[in-house]
1. Give me the residue from segment 127-139 that is surrounded by fewer than 17 Cβ atoms within 10 Å (Cβ to Cβ) and outside any strand (DSSP E or B) and, out of that set, farthest from the chain's Cα centre (by Cα).
2. Which ones in segment 66-103 are assigned to a loop (DSSP other than H, G, I, E, B), in contact with a Gly (Cβ under 9 Å, 6 or more places away or on another chain) and buried (at least 20 other Cβ atoms within 10 Å of the Cβ)?
3. Can you pull out the strands (runs of 3 or more DSSP E) entirely within segment 155-234 that have at least 2 residues that are open to solvent by 60 Å² or more (accessible area, probe 1.4 Å) and among the charged types (D, E, K, R)?
4. Residues Val150, Val83, Val100, Val134: which one is closer than 22 Å to Gly47 by Cα and touching a strand residue (DSSP E or B) at 6+ places or on another chain (Cβ under 7 Å)?
5. Please indicate, with yes or no, whether at least one residue in segment 140-152 is closer than 17 Å to Ile225 by Cβ and either part of a loop (DSSP other than H, G, I, E, B) or modelled with pLDDT of 95 or more (or both).
6. Being of a type in the set (Ser, Thr, Tyr) and either open to solvent by less than 20 Å² (accessible area, probe 1.4 Å) or modelled with pLDDT under 95 (or both) is the filter here; which residues of segment 13-35 pass it?
7. Which one is farthest from the chain's Cα centre (by Cα) among residues in segment 36-55 that are open to solvent by less than 10 Å² (accessible area, probe 1.4 Å) and under 20 Å from Arg6 (Cβ atoms)?
8. May I ask you to list the residues in segment 35-54 that are in a helix (DSSP H, G or I) and in contact (Cβ under 8 Å) with a residue 24 or more places away in the chain?
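The values are calculated or read from the model by the stated rules, or taken from the named source; none is laboratory data. What you see is a predicted model, and the numbers here were worked out from it, not measured in a lab. With ideal geometry, Cβ positions are generated from the backbone for all residues, glycine too; neighbour counts draw on all protein chains shown. To get the accessible areas, we keep the full protein, side chains included, count just its heavy atoms, and leave off ligands, DNA and RNA. Shrake-Rupley method; radii C 1.70, N 1.55, O 1.52, S 1.80 Å.
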Amino acid sequence: MAESGRVTARILRELADLIRPGITTAAIDEFVEKTILSEGMIPAFKGYSGYPASACVSVNEQVVHGIPGRRKLKEGDIVSVDVGTIYQGYYSDAARTYAVGAVSEDAAHLIRATEESFFEGLKYCRPGFRLSDVSSAIQRHAEAAGCSVVRDFVGHGIGRAMHEEPQIPNYGPPGRGPKLQPGMCLAIEPMINAGSWKVKVLEDDWTVVTVDGSLSAHYENTVVITEDEPLLLTI
């Protein structure tokens, strides 16, 4: 999983330089797929439940699962890229939201708040805390920043499959769910909206958008619970 995570992290770092006004979402997907294959690994998303691409590329009001295509990014857009990689049967999964050129103050705030909410949740990724302690910390930070937390989609366990138990909501009261134990591998992924938390799925059966058209951001890492500090495999 660490090897898989290394490649996923490398892709997300390099996308920061690749993403600029004028690039198509398909070109982002092509870069992701070529990089994964060049490392002798397998794109985890391509063909998963019929998904047609190696990356999920979601622009502006698109929350997750945006299908890459001919759309060109423009100055002021924000774009979330979700990447999964398989190495020797083990998975990693991570996502980032990028500013396309200069973006509005509100967009920059949303991207920051989403990343910060992940790291607030990470503080509770230690033995003895319960799963919903992570969820509650994410929600508290996001809502204190004036944003809302998507309810319909959640994080998940990960390992020999992309989605394993437990499901990991980004909201809810603390002190509930299983106790975290060393060896647990979790994909923690706040999906945070600038407006309402409500979302819907478009007719392509994949792309999730905010109902009110507000911007959405996504930040995800594959996290291993250890005896002490959590281990991030995708940074």
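1. Step one: filter segment 127-139 for residues surrounded by fewer than 17 Cβ atoms within 10 Å (Cβ to Cβ), giving 127-128, 130.
Within this subset, residues satisfying the condition of being outside any strand (DSSP E or B) are 127-128.
Numbers: Pro127: 23, Gly128: 25 Å.
So, considering only residues that are surrounded by fewer than 17 Cβ atoms within 10 Å (Cβ to Cβ) and outside any strand (DSSP E or B), the one farthest from the chain's Cα centre (by Cα) is Gly128.
2. Selection gives Leu73, Val100.
3. Working: elements: 155-157, 164-168, 185-188, 191-193, 199-201, 208-210, 216-218, 221-224.
Here the list reads 164-168.
4. One residue alone meets the criteria, Val83.
5. To start, the set of residues in segment 140-152 that are closer than 17 Å to Ile225 by Cβ comprises none.
No, segment 140-152 has no match at all.
6. If we filter segment 13-35 for residues that are of a type in the set (Ser, Thr, Tyr), which is where we start, we get 24-25, 35.
Residues satisfying the conditions are Thr25, Thr35.
7. Among those that are open to solvent by less than 10 Å² (accessible area, probe 1.4 Å) and under 20 Å from Arg6 (Cβ atoms), it is Met41.
8. Here is the first cut: in segment 35-54, the ones in a helix (DSSP H, G or I) are 35-38, 48-50.
Within segment 35-54, Thr35, Ile36, Tyr48 qualify.
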